[in-house]
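J.: Structure provided below as structure tokens; questions to follow.
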Amino acid sequence: MKLVPRFLTNFRRAAVFSIGLGLVVAMGYLVLVQVRAQVALQQSALKQATFDSERRATALSYFFSEQKDFLKDLSESRALHAYFENRALGMSLEYGLRASLLVVNERFDQARQSKQLSEQPLYERLVFVDLAGRLLNDSPSKGQKRSGTEDWRHFLTPSGSEPAILTDRSGKELRIIISAPCFFKGRYAGQVLGWISFPRIYHYFIEGKSEISRYPDAIVFEREYLHIPANARHLIPSSDSTLPDEVQPGRSYTFPLADRSATGLGAHAML
């Protein structure tokens, strides 16, 4: 008679253990599913971030490649070639060269008006400097003051053969300079320079698109930050001006939080 209660007690214990084990297994399974879902979501987000970054980077790459070709064509224009020919013939500003510079100025004005971004001239100014660092032509946009006191010699690149991209931080607003060397009969003869407002470029290629990116886009030039959006500044210490060396193209990089007291792991960055 005593075996029955003992059997029932053991049965109940086994049932409770089985139910508890089942609950633990079920909870473990749910946690595993959740973790896998989070990993899949993170991987999907990284793929989307990579796609967005590559698309914007490609657009900017084509844009700047086109601008370098544009400045190179301008540096090889017939108007500049005629000026160099007249100077080689010994003409002075009073006899021949001034007229040549007027033709150069007209050519540069036409070029500046022809290059548009959002139905407005892209270039704020187009400049021609000779090999001695003398400003021979300055075609600024309407209302912009001409600069006559700047030392133009630091823009000269007699050892360069291809157009380059520079940055101008002298004013309140960052500007990009497209610089192309000029050659006459195989010899360096001067430099053609074009100024573009960086905020216009950023707004057009990053902020002005019809779709809104879910990820903030910072722009770097030769690993130096040109622009850090407001919603990403908490990731980058104010003392840092360059991109960390660990950030490489095509690889995910985890930015530690700049504010050490903040919670979280930071954010993934794609270059």
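The values are calculated or read from the model by the stated rules, or taken from the named source; none is laboratory data. All values reported here derive from a predicted model rather than from experimental measurement. No Cβ is skipped: glycine too gets one built from the backbone with ideal geometry, and neighbour counts run over all protein chains shown. Note: accessible area is taken over every heavy atom of the protein model, side chains too, but ligands, DNA and RNA are not part of it. Shrake-Rupley method; radii C 1.70, N 1.55, O 1.52, S 1.80 Å.
J.: Using θ = phi - 60° and the Karplus curve 6.51 cos²θ - 1.76 cosθ + 1.60, what whole-Hz ³J(HN,Hα) does each residue of the stretch 171-178 get, with Gly and Pro shown as x?
T.: x, 5, 10, 5, 10, 9, 10, 9
J.: Still on this structure, please answer the following. So how much accessible area does R251 have, in Å² to the nearest 10, using a 1.4 Å probe?
T.: Approximately 150 Å² of R251 is accessible to the 1.4 Å probe.
J.: Apply the Karplus curve 6.51 cos²θ - 1.76 cosθ + 1.60, θ = phi - 60°, to the phi angles in the stretch 44-61 and return the couplings in whole Hz, x for Gly and Pro.
T.: Along the stretch 44-61, the couplings run 5, 5, 5, 5, 5, 5, 4, 4, 4, 5, 5, 5, 5, 5, 5, 4, 5, 4 Hz.
J.: Between R36 and S170, take the C-beta separation as r, use R0 = 51 Å, and let me know the FRET efficiency to the nearest 0.05.
T.: Efficiency, rounded to the nearest 0.05: 0.45.
J.: Further, regarding this structure: Accessible surface of S170 in the full protein assembly, 1.4 angstrom probe, to the nearest 10 Å²?
T.: Answer for S170: close to 100 Å² accessible.
J.: While we're on this one: Of M27, M91, which has the most accessible area and how do the rest follow, probe 1.4 Å? Intermediate values should be presented prior to the final figure.
T.: Numbers: M27 125, M91 75 Å².
Result, largest first: M27, M91.
J.: To continue, here is another question. If you filter the stretch 51-105 for GluC sites (Glu not before Pro), then keep DSSP loop positions with at most 14 other Cβ within 10 Å, what is left? It would help to have the intermediate numbers written out before the result.
T.: Details: sites: E54, E66, E76, E85, E94; in loops: E76, E94.
Those satisfying the criteria are E76, E94.
J.: Between I236 and residues 5 or more places away or on another chain, which pairs have amide H atoms under 5 Å apart, with H built 1.01 Å from N, and which residues are they?
T.: It is A258, by chain and number.
J.: If the chain between H154 and S114 were fully stretched, how many nm would it gain, using 0.36 nm times the residue separation less the Cα-Cα distance?
T.: Going from the current span to full extension adds 11.6 nm.
J.: Calculate the FRET efficiency for L271 and V103 from the Cβ-Cβ distance with a Förster distance of 45 Å, rounded to the nearest 0.05. All intermediate terms of the calculation are to be shown ahead of the outcome.
T.: Values: r = 45 Å, r/R0 = 1.00.
With R0 = 45 Å, the Cβ-Cβ based efficiency is 0.50.
J.: Let me ask you something else. Check which residues have an amide H placed less than 5 Å from L122's amide H, if you skip close sequence neighbours.
T.: Under 5 Å from the amide H of L122 lie the amide H atoms of K115, Q116, L117, each far enough along the sequence or on another chain.
J.: On to the next question. How much of R98 can a 1.4 Å solvent probe reach, expressed as accessible area in Å² and rounded to 10?
T.: Here the residue's solvent-accessible area equals roughly 130 Å².
J.: Can you compute the FRET efficiency between K47 and L93 using 1/(1 + (r/R0)^6), with r the Cβ-Cβ distance and R0 = 41 Å? Round to the nearest 0.05. Provide the component values of the computation, followed by the final result.
T.: Values: r = 61 Å, r/R0 = 1.49.
It comes out at approximately 0.10.
J.: Contour minus end-to-end for L135 and Y188, with contour as 0.36 nm per residue of separation and end-to-end as the Cα-Cα distance? Walk me through the numbers before you get to the answer.
T.: Values: separation 53, 0.36 × 53 = 19.08 nm, distance 1.57 nm.
Here the answer is 17.5 nm.
J.: Check F184: other-chain or 5+ apart residues with amide H under 5 Å from its amide H, H built from backbone geometry?
T.: The answer is A189.
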